[in-house]
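Some notes on the structure that comes next.
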């Protein structure tokens with residue numbers, strides 16, 4: 001219990017620190033883009049963000065990626081180990097199995113998927129899929145060069161209902177496409193310059209982690225990941241970021 005409280009407190013402190021670089025609320029914004037490095041590149045994409053996630057909404061999502069180690073089993077007088085405390089801890093992150101036996105704790109990825117799914121919808125991403133993707137996490141951070149970084153999370157994989165979003169070979173020809181993750185959600189990391197133009201990479205090909213310094217979700221090896229959205233452009237007027 002003490003470890004849980006300490007872990008949560010650390011993440012909360014990081015989230016509060018991240019708020020210092022979180023930009024103030026702005027009116028609804030719209031971004032346009034086209035798909036890239038997929039089977040049918042150039043497909044139009046529209047992103048509408050109604051508002052940014054509040055600190056209270058971001059915290060459960062960030063905490064989900066910071067799992068606790070299982071508590072040590074207690075030795076009983078007969079030389080065995082009692083799992084009472086371990087079972088109680090497991091109930092916090094897993095569901096009971098058949099016969100009332102506790103299920104294994106959720107992995108960080110499964111816990112994150114659940115946290116994203118439970119978050120309120122604060123925008124949509126529209127692709128050539130038959131339905132849009134509900135944005136459950138939206139954070140905007142100022143960049144030193146006057147641009148901005150926008151991190152989004154939706155509760156489904158982009159392109160899960162269309163072959164157009166299957167990853168294309170890395171360099172054309174017979175080259176194999178980049179390795180894909182198996183997340184049931186998608187994190188989109190957008191980088192815009194001072195003029196509001198840029199590109200984005202996604203968790204379709206990159207693992208997700210918590211950037212504790214920035215207090216946000218992030219993608220591993222962002223610079224080497226394939227660009228999934230090109231020609232990202234702000235389509236509505238909003239206040240410019242401040243450092």
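Within the span defined as segment 180-195, every residue fails to be in the same structural domain as residue 35 (by TED's automatic domain parsing), on the phi > 0 side of the Ramachandran plot and either crowded, with 17+ Cβ neighbours inside 10 Å or not in a helix (DSSP H, G or I) (or both).
Within segment 164-178, the set of residues being surrounded by fewer than 20 Cβ atoms within 10 Å (Cβ to Cβ) and at pLDDT 80 or above comprises 164, 166, 167, 168.
Here's the yes/no breakdown for (1) modelled with pLDDT under 55; (2) surrounded by fewer than 13 Cβ atoms within 10 Å (Cβ to Cβ):
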site: 41; (1), (2): no, no
site: 45; (1), (2): no, no
site: 77; (1), (2): no, yes
site: 89; (1), (2): yes, no
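Looking at residue 123, is it on the phi > 0 side of the Ramachandran plot and modelled with pLDDT of 95 or more? So residue 123 passes the test. Of all the residues in segment 141-172, those that are under 18 Å from residue 58 (Cα atoms) and more than 13 Å from the chain's Cα centre (by Cα) number 3.
The values are calculated or read from the model by the stated rules, or taken from the named source; none is laboratory data. Predicted model only: the values in this text are computed from it and were never measured. Heads up, the Cβs are rebuilt from the backbone with ideal geometry, glycines too, and the neighbour counts pull from every protein chain shown.
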